[in-house]
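The values are calculated or read from the model by the stated rules, or taken from the named source; none is laboratory data. Everything numeric here is computed off the predicted structure, so don't read it as measured data. Every residue, glycine as well, gets a Cβ built from its backbone with ideal geometry; the counts of neighbours run over all protein chains shown.
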Amino acid sequence: MKESGKHLLLFDIDGTLMTSGGAGEGALRDAMKDRFGVDEDLSGITVAGATDTLIARLLLKKHGLAITPENITALLDRYLHFLQERIGRHKGYLLPGILELLSQLARNPYCVTALLTGNLKKGAEIKLSHYGIWEFFQFGAFADDHHHRNELGHFARTRARESHGYDFLPREIFVIGDTPRDVACGKEIGARTVAIATGNYSVEVLRAENPDFVFQDLSDIDAVMSVLL
């Protein structure tokens, strides 16, 4: 297949674009208390890199609650409610270089910028709208699509094809994230993987996952753009 000349750039959110300052974790605790009367501390739950739908399943299992569509939906609905309440009360922020990078990508006709995230679509919108960057992303793949993160890349590719009329080749796709799960997700679709050590994982830990590129952060715009282009 002939190359399009464009690159599909799929960004993770938490730990890659921004940090919510604990708003997401707090909203999960609030939701468990409000819906199921459980005092949750998230111990034993690896949140980083997991989808919201997987986290919901793990929380229900942890407390011996039925893992049913009804319980998952009820928990996540309350989570979104409390996330909206909390997002403005926590000291979150955009990570280094993000606003300038997204602004440059938006001006580049060869870049298609989208999301590949474990957040629910509404949760992603709440977070990114609060920090003023939601409009930079044309579409995305979200926890609403599947609870296994490695499945999300297929949804992103389908939406890219529907949006642009072209089936992006694996070598034209970049998955950018801060966890080993992001790297694995990108490899699932044969994409190039860009690991960023702005979350819970160091450069050394991320490098052990064999991503194509590793950055401490995205503040060196020229270096990042040279990779993505």
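General remarks:
- Filtered by the rule that a residue be more than 19 Å from SER20 (Cα to Cα) and either in contact (Cβ under 8 Å) with a residue 60 or more places away in the chain or not in a strand (DSSP E or B) (or both), the range 199-218 gives SER202, VAL203, GLU204, VAL205, LEU206, ARG207, ALA208, GLU209, ASN210, PRO211, ASP212, GLN216.
Matching residues to (1) in contact with an Asp or Glu (Cβ under 8 Å, 6 or more places away or on another chain); (2) among the β-branched types (Val, Ile, Thr); (3) over 22 Å from ASN200 (Cβ atoms):
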position	(1), (2), (3)
GLY49	yes, no, no
LEU60	no, no, yes
PRO69	no, no, yes
ALA74	no, no, yes
LEU83	no, no, no
GLY88	no, no, yes
LEU101	no, no, no
ALA114	no, no, yes
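- Tallying residues that are part of a loop (DSSP other than H, G, I, E, B) and either on the phi > 0 side of the Ramachandran plot or over 19 Å from the mean Cα position of the chain (by Cα) (or both) within the range 91-118 yields 5.
- Residue within the range 33-47 that is part of a helix (DSSP H, G or I) and either in the same structural domain as ARG171 (by TED's automatic domain parsing) or free of Cβ contacts under 8 Å to residues at least 40 places away in the same chain (or both) present: yes
- Condition broken by LEU59, with the remaining ones in (1) surrounded by fewer than 21 Cβ atoms within 10 Å (Cβ to Cβ); (2) free of Cβ contacts under 8 Å to residues at least 40 places away in the same chain satisfied: (1)
- Qualifying residue in the range 129-140 (condition: among the aliphatic types (A, V, I, L, M), at pLDDT 95 or above and touching a Ser or Thr at 6+ places or on another chain (Cβ under 7 Å)): no
- Filtered residues of the range 27-65 (kept if closer than 30 Å to GLU100 by Cβ and at pLDDT below 95): VAL47, ALA48, GLY49, ALA50, THR51, ASP52
- The set of residues in the range 145-192 that are β-branched (Val, Ile, Thr), surrounded by fewer than 23 Cβ atoms within 10 Å (Cβ to Cβ) and not in a loop (DSSP other than H, G, I, E, B) contains only THR158.
- Filtering the range 66-76 for residues that are among the hydrophobic types (A, V, I, L, M, F, W, C), modelled with pLDDT under 95 and surrounded by fewer than 16 Cβ atoms within 10 Å (Cβ to Cβ) leaves an empty set.
- Candidates GLU70, GLU40 - the one that is touching a Leu at 6+ places or on another chain (Cβ under 9 Å) and over 15 Å from SER20 (Cβ atoms): GLU40
- Screening the candidates THR117, THR113 for the property of being under 15 Å from ILE196 (Cβ atoms) and in contact (Cβ under 8 Å) with a residue 40 or more places away in the chain yields one hit, THR117.
- Among (1) at pLDDT 95 or above; (2) under 23 Å from PHE168 (Cα atoms), the one test that LYS2 misses: (1)
- Of everything listed in (1) out of contact with any Gly (no Cβ under 8 Å at 6 or more places or on another chain); (2) under 16 Å from ILE72 (Cβ atoms); (3) touching a residue at least 40 places away in the same chain (Cβ under 8 Å); (4) not hydroxyl-bearing (Ser, Thr, Tyr), the single unmet condition for HIS7 is (2).
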